[in-house]
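The values are calculated or read from the model by the stated rules, or taken from the named source; none is laboratory data. Because the structure is predicted, anything quoted here is derived from the model rather than measured. Cβ atoms come from the backbone with ideal geometry, glycine included; neighbour counts cover every protein chain shown.
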Amino acid sequence: MINYSKKVLKHFRNPHNLGKIVNADGVGEVGNMACGDVMKLYVKVADDKITEVKFETYGCAAAIATSSAITDMVKGKSLEEAMAMTEAGVIDSLDGLPPVKIHCSLLAVEALREAIYDYMKREGRKIPKDLEEYHRRISKLGKSS
Ligand code: FES
């Protein structure tokens, strides 16, 4: 049996910001080919800030908990702050993840960055080099983490 922290179990049992934004400004969709889990993250953006965020995840408890946590963390943040979010930050906010579940946190971060990439592309904005490279790597893997 996997030992999850109380925070992970709380988010897993009662995920925050679950669902879809029909008229989203950006959508990120990623998957993990190894386990088959997938995540879709939707953002609304105003004045360079993420004003609304929702997610849909078909995945394990860690994938759902990290998705829920990252949506809480990113709301109201600037695009720059959102792009700087890392797996380690999300894992810390949940008081850790069991070692075998660390990789699951990648889905949430990838989906967030892909949603920002999608937003910038739709807006015709200059995409930062790091984000472009990140997107290219994800695309090459066939939406895989
Ligand atoms: S086992 Fe697939 S994301 Fe956790």
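I want to confirm something. Restricting to the stretch 88-129 and keeping residues that are within 16 Å of the ligand (Cβ to nearest atom), at pLDDT 95 or above and of a type in the set (Gly, Ala, Ser), which single residue is nearest to ASN17 (Cα to Cα)? Selected residue: ALA111. Among the residues of the stretch 1-22, is any assigned to a loop (DSSP other than H, G, I, E, B), within 16 Å of the ligand (Cβ to nearest atom), free of Cβ contacts under 8 Å to residues at least 12 places away in the same chain and out of contact with any helix residue (DSSP H, G or I) (no Cβ under 9 Å at 6 or more places or on another chain)? Yes, the stretch 1-22 contains at least one residue that is assigned to a loop (DSSP other than H, G, I, E, B), within 16 Å of the ligand (Cβ to nearest atom), free of Cβ contacts under 8 Å to residues at least 12 places away in the same chain and out of contact with any helix residue (DSSP H, G or I) (no Cβ under 9 Å at 6 or more places or on another chain).
For every residue, the table says whether it meets (1) touching a strand residue (DSSP E or B) at 6+ places or on another chain (Cβ under 9 Å); (2) not in a helix (DSSP H, G or I).
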| site | (1), (2) |
| --- | --- |
| GLU52 | yes, yes |
| GLU56 | yes, yes |
| ALA63 | yes, no |
| SER67 | yes, no |
| ILE91 | no, no |
| ASP95 | no, yes |
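Among the candidates MET33, MET85, MET73, the residue that is at negative phi, more than 13 Å from the ligand (Cβ to nearest atom) and in a loop (DSSP other than H, G, I, E, B) is uniquely MET85. Residues in the stretch 101-140 that are under 19 Å from THR51 (Cα atoms) and among the aromatic types (Phe, Trp, Tyr): 2 in all.
Look at the stretch 59-82: where a residue is under 11 Å from ASN17 (Cβ atoms) and a partner is within 16 Å of the ligand (Cβ to nearest atom) and assigned to a loop (DSSP other than H, G, I, E, B), sitting 6+ places away or on another chain with Cβ atoms under 6 Å, you get SER68/PRO15; ALA69/LEU94. Residues in the stretch 36-62 that are more than 13 Å from the chain's Cα centre (by Cα) and of a type in the set (Lys, Arg) were compared, and the one that is nearest to the ligand (Cβ to nearest atom) is LYS44. From the list GLY28, GLY96, the one residue that fits, being in contact (Cβ under 8 Å) with a residue 60 or more places away in the chain, closer than 20 Å to SER139 by Cα and of a type outside the set (A, V, I, L, M, F, W, C), is GLY28.
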